[in-house]
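Novice: I have a structure here, written as structure tokens, and I will follow up with some questions on it.
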Amino acid sequence: KAWKEVFAGNPEVEVVHGSMLEQAVDAFVTPTNGQADMNGGLDAVIKGHLGAAIEVSVKAAIAKEFGGFLGVGQATCVPTGRVQPSFLISTATVGGSDSSAAHTLNVALACGAALQAARLQNLASYGSITSVALPGLGAATGGVSPFDAAGLMWRAYTFMTQRELITFDELKYA
């Protein structure tokens, strides 16, 4: 209900209540911790669906792109080897596996980073991501209320659709 209400003015955004695994999209977004340990929450569900190799791919991308630690406000996009979803975007909502996103701007930063990762993938390969399944970041294990999470995600979406940023640092300091 929160996302439908908050995104009501954005007809290009389809709010779906259901399993991400059932969405026919180009990319899944998963909230993760800084080490990308896919052992809990939606991370674990997606790892179970895509296979254990996806965690290895995500960790390798984080090592290459960010020196081994994915900070809040950063995201990585890796191919899944499948037609749908073709990509998995991992975005950090918390620093460690025992951290909380409650009372922070982490949801907005993570959402903005996920959208930026999709944008960067499209710069590398035009049109490779035209649809994204994005969960309610922070609203389950992150400890953020649904209305707060929806509001933070809307702010990130609005910000990202109005700007052309090239790096995650630009997003972090905007």
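Novice: If the requirement is being over 15 Å from the mean Cα position of the chain (by Cα) and without any contact (Cβ under 8 Å) to a residue 40 or more places away in the chain, which of these qualifies: Val58, Val83, Val78?
Specialist: Of Val58, Val83, Val78, the one residue that is over 15 Å from the mean Cα position of the chain (by Cα) and without any contact (Cβ under 8 Å) to a residue 40 or more places away in the chain is Val83.
Novice: Moving to a separate point now. I'd like to know if the range 85-107 contains one or more residues that are of a type in the set (Gly, Ala, Ser), touching a Gly at 6+ places or on another chain (Cβ under 9 Å), surrounded by 24 or more Cβ atoms within 10 Å (Cβ to Cβ) and assigned to a loop (DSSP other than H, G, I, E, B).
Specialist: Scanning the range 85-107, I find at least one residue that is of a type in the set (Gly, Ala, Ser), touching a Gly at 6+ places or on another chain (Cβ under 9 Å), surrounded by 24 or more Cβ atoms within 10 Å (Cβ to Cβ) and assigned to a loop (DSSP other than H, G, I, E, B), so the answer is yes.
Novice: To continue, here is another question. Can Asn33 be described as farther than 18 Å from Ala114 by Cα and either open to solvent by less than 20 Å² (accessible area, probe 1.4 Å) or among the polar types (S, T, N, Q) (or both)?
Specialist: no
Novice: Based on this model, can you work out whether Thr76 counts as surrounded by fewer than 21 Cβ atoms within 10 Å (Cβ to Cβ) and either closer than 17 Å to Ala140 by Cα or modelled with pLDDT of 90 or more (or both)?
Specialist: no
Novice: State yes or no: is Met20 open to solvent by less than 50 Å² (accessible area, probe 1.4 Å), within 16 Å of the chain's Cα centre (by Cα) and without any contact (Cβ under 8 Å) to a residue 60 or more places away in the chain?
Specialist: Spelling it out, it is not the case that Met20 is open to solvent by less than 50 Å² (accessible area, probe 1.4 Å), within 16 Å of the chain's Cα centre (by Cα) and without any contact (Cβ under 8 Å) to a residue 60 or more places away in the chain.
The values are calculated or read from the model by the stated rules, or taken from the named source; none is laboratory data. What you see is a predicted model; the values in this text were computed from it and never measured. Glycine also receives a Cβ, built like all others from the backbone with ideal geometry; neighbour counts cover every protein chain displayed. Please note that ligands, DNA and RNA were not included when accessible areas were found on the heavy atoms of the full protein model with its side chains. Shrake-Rupley method; radii C 1.70, N 1.55, O 1.52, S 1.80 Å.
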